[in-house]
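Structure, as C-alpha cells:
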Amino acid sequence: MLVVMKTDATPAEVEAVAQRIRELGYTPHVIPGATRTAIGITGNRGPEGRDALEVMPGVAEVIRVTAPYKLVSRETHPEATCFPVAATHVGHGFTVIAGPCSVENEKMLLETAEFLVRQGVKLLRGGAYKPRTSPYAFQGLGEEGLRLLAKARERTGIGIVTEVLDVENVDRVEEIADVLQIGTRNMQNYSLLRRVSRASKPVLLKRGMAATLEEWLMAAEYVVSGGNRNVILCERGVRTFADLTRNTLDLSAIPVVKQLSHLPILIDPSHGTGKAAYVPSMCLAALAAGADGLIVEVHPDPSHALSDGAQSLDFTTFRKIYAALQPIAAALGMTIQ
Ligand code: PEP
Ligand code: MN
C-alpha cells in the first residue's frame with residue numbers, strides 16, 4: 001500500500017501516519033515529493049489497515065499497489081500450474097472435458113462415456129446435484145447420479161468431473177469425483193470454498209456470473225490458501241445486456257488471467273452461449289486465445305435432455321469440433337489431452 005498525503009499535510013500528520021503504520025506491524029517509508037508526501041508501506045501481506053489509515057488527518061488516499069491475492073498470483077509463482085487428473089494432466093496441453101449437463105440415467109451416461117472415450121476424451125462431466133433456477137426443474141439424481149458416474153469410470157476408465165452444491169455433499173462427491181466443480185452460483189460461497197480447500201481432489205472453480213476477475217481470483221485464493229493448490233479456473237460467461245446468447249462468454253479473461261495467475265483456465269462455451277449452434281466457434285476461439293482447455297456439454301439426444309438441451313452438442317457435432325481442434329492445437333504446438 002501507498003499512503004498519499006494531502007498537499008497541506010503537516011509534518012506532524014505525516015509522522016502520526018508513519019507511527020500508526022508501525023503500530024499495525026508494518027514499516028513506513030516516507031517519500032517526500034515536490035508538492036506532497038507519500039508513505040510507502042512494506043511488511044504487510046494485504047490491504048489490512050487500509051481503513052484505519054484512510055481516515056487519518058492529512059491523508060488524501062491509500063492506494064493498493066500489490067494484488068490482494070497472493071498464492072494464485074503469477075508474481076509469487078511464475079511457472080504455470082499443472083497437475084495430474086485421472087489419466088491426464090490439466091495445465092499441460094489442451095484439456096477437453098465433455099459430457100451431459102446432468103446425469104439422467106445409466107443408459108445415456110454410459111453411451112456418452114463410451115462415445116467420448118472412443119474420441120480420445122479423458123474426462124467426463126455430468127451433474128448429479130444440479131443448481132436449477134426453478135425448484136420445479138430436474139434437480140439431478142443425487143447419490144444415484146454419483147453411483148452412475150462411478151460406474152461410467154469403472155467401465156471406461158474416463159475421469160469424472162461433477163459439481164458439489166453444498167458443504168454437506170462434499171464428502172460423498174469427493175469419494176467418486178476426480179475433480180470437484182464449483183458452479184457459478186457458488187463462486188462466493190465461502191464455507192464451500194473452505195471445505196473444498198481441504199479436499200483431496202482438484203477443484204474446477206467457475207467464474208460467478210457477475211464476478212469481476214479479481215473476485216474470481218480471490219475465490220481461488222480461498223481454496224489455495226486452505227491447502228488445495230490444484231485449482232482450475234473456468235470462464236462460463238457473465239451477465240450483460242446480450243439478448244441473443246444466454247451469457248457473454250468473456251474470452252478476454254484468458255490472457256488477463258494468464259498474466260495475473262499461474263492457474264489453468266478452461267472455457268465453458270455451452271453455458272457461455274446457451275445455444276449449440278454457437279458452441280463450435282467458441283471452442284476454436286478458446287484454443288486460439290490460449291485457454292488450457294474446454295468443458296463442453298454433449299448429450300446423445302439433446303432434444304430430450306432433462307437440462308440444458310439447447311446448448312448441448314450431439315455426438316456428430318462433437319466429433320466434428322473435436323477433429324477441428326486438432327490442426328489449431330498442432331499449429332500452436334499443443335496436444336489435446
Ligand atoms: C453446469 O456446468 O451444468 C452448470 C450448472 O454450470 P454453471 O455453474 O456455470 O451454470
Ligand atoms: Mn448445464
Original post:
Do any residues in segment 309-321 that are over 13 Å from T273 (Cα atoms) and touching a residue at least 60 places away in the same chain (Cβ under 8 Å) have Cβ atoms under 6 Å from those of residues that are away from ligand 2 (no atom under 12 Å from the Cβ) and not in a loop (DSSP other than H, G, I, E, B), where the two are at least six apart or on different chains, and which pairs are they?
Top reply: F315/F115
Original post:
So which pairs qualify, if the first residue must be in segment 280-293 and crowded, with 24+ Cβ neighbours inside 10 Å, the second must be hydroxyl-bearing (S, T, Y), the Cβ gap must be under 7 Å, and the two must be at least 6 apart or on different chains?
Top reply: D292/T95; G293/T95
Original post:
Given the residues L313, L325, which is the only one that is buried (at least 19 other Cβ atoms within 10 Å of the Cβ), touching a Leu at 6+ places or on another chain (Cβ under 7 Å) and closer than 24 Å to T88 by Cβ?
Top reply: L325
Original post:
Of all residues in segment 277-325, how many are touching a Ser or Thr at 6+ places or on another chain (Cβ under 7 Å), among the hydrophobic types (A, V, I, L, M, F, W, C) and assigned to a strand (DSSP E or B)?
Top reply: 2
**OP:** Specify the residue that is farthest from ligand 1 (Cβ to nearest atom); the eligible residues are those in segment 122-169 that are farther than 28 Å from Y322 by Cβ and among the β-branched types (V, I, T).
**Re:** V167
Original post:
Hey, any hits in segment 88-103 for a residue that's within 16 Å of ligand 1 (Cβ to nearest atom) and more than 23 Å from the chain's Cα centre (by Cα)?
Top reply: no
**OP:** Return the residue satisfying two criteria in turn: it lies in segment 117-137 and is over 22 Å from the mean Cα position of the chain (by Cα) and among the aliphatic types (A, V, I, L, M), and of such residues it is farthest from D268 (Cα to Cα).
**Re:** A137
Subject >> Candidate set: segment 257-269, residues that are outside any strand (DSSP E or B) and in contact with a Gly (Cβ under 9 Å, 6 or more places away or on another chain); chosen: the one farthest from A323 (Cα to Cα) >> reply: H262
Original post:
What is the residue count in segment 178-223 for residues that are of a type in the set (D, E) and either surrounded by fewer than 21 Cβ atoms within 10 Å (Cβ to Cβ) or out of contact with any Lys or Arg (no Cβ under 9 Å at 6 or more places or on another chain) (or both)?
Top reply: 2
Original post:
Does V173 satisfy the criteria of being modelled with pLDDT of 95 or more, outside any strand (DSSP E or B) and among the aliphatic types (A, V, I, L, M)?
Top reply: yes
Subject >> Residues (surrounded by fewer than 17 Cβ atoms within 10 Å (Cβ to Cβ) and under 19 Å from V173 (Cα atoms)) located in segment 89-109 >> reply: N105, E106
**OP:** Could you please find all residues in segment 34-73 being among the aliphatic types (A, V, I, L, M) and in contact with a helix residue (DSSP H, G or I) (Cβ under 9 Å, 6 or more places away or on another chain)?
**Re:** I39, I41, A52, L53, M56, V59, V62, A67, L71, V72
**OP:** Take the residues in segment 1-17 that are at pLDDT 95 or above and part of a loop (DSSP other than H, G, I, E, B), then tell me which one is surrounded by the fewest Cβ atoms within 10 Å (Cβ to Cβ).
**Re:** D8
Subject >> Qualifying residue in segment 97-106 (condition: more than 16 Å from ligand 2 (Cβ to nearest atom) and in a helix (DSSP H, G or I)) >> reply: yes
Subject >> Matching option when the condition is assigned to a helix (DSSP H, G or I) and modelled with pLDDT of 95 or more, among A210, A219, A199 >> reply: A219
Original post:
Quick one: which of L124, L146, L141 is in contact with a Lys or Arg (Cβ under 9 Å, 6 or more places away or on another chain) and over 29 Å from F94 (Cβ atoms)?
Top reply: L141
Original post:
Among (1) on the phi > 0 side of the Ramachandran plot; (2) within 16 Å of ligand 2 (Cβ to nearest atom), where does G227 come up short?
Top reply: (2)
Original post:
Of the residues in segment 160-177, how many are crowded, with 23+ Cβ neighbours inside 10 Å and either farther than 20 Å from R132 by Cα or among the hydrophobic types (A, V, I, L, M, F, W, C) (or both)?
Top reply: 6
Original post:
Given G140, G183, which one is within 16 Å of ligand 2 (Cβ to nearest atom) and within 18 Å of the chain's Cα centre (by Cα)?
Top reply: G183
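The values are calculated or read from the model by the stated rules, or taken from the named source; none is laboratory data. In this text, all values refer to a predicted model and were calculated from it rather than measured experimentally. Every residue, glycine as well, gets a Cβ built from its backbone with ideal geometry; the counts of neighbours run over all protein chains shown.
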